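Written below as structure tokens is the structure these notes are about.
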Amino acid sequence: MGAMSPAHWAIVAVVLLVLFGSKKLPEAARGLGRSLRILKSEVGEMHADRPAALGARDQDPTHEPVNHMRAANTTEHNP
């Protein structure tokens, strides 16, 4: 399997030219490039927003763990 050799890339290029034609191929490449840029920017924004969201959650008193619960004693019988 391994990496693709230059011969493999040439075959892929010929197949793409046959499928899309010489006029549509540059347009498709531009569209793919735009999509990848948008995806990268959105992922970057998600990573930038994540620490802020975690910090806000840590400051919210409704998310504090409950540490003061008493364990039930199951060996005693109440009359």
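Nothing in this text is a laboratory measurement; each read-out follows from the coordinates by a stated rule. Just so it is clear, the model here is predicted, and its values are computed rather than measured. Here the Cβ is made from the backbone with ideal geometry for all residues, glycine too, and neighbour counts use every protein chain on show.
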Could you list Leu36, Leu16 so that the one with the fewest beta carbons within 10 Å of its beta carbon is first and the one with the most is last?
Leu36, Leu16
Report the net charge of residues surrounding Gly33, where surrounding means a beta-carbon distance below 12 angstrom and charges are Lys +1, Arg +1, Asp -1, Glu -1.
+3
Using 0.36 nm times the number of residues separating Ala7 and Leu39, minus their current alpha carbon distance, what extension gain do you get?
8.5 nm
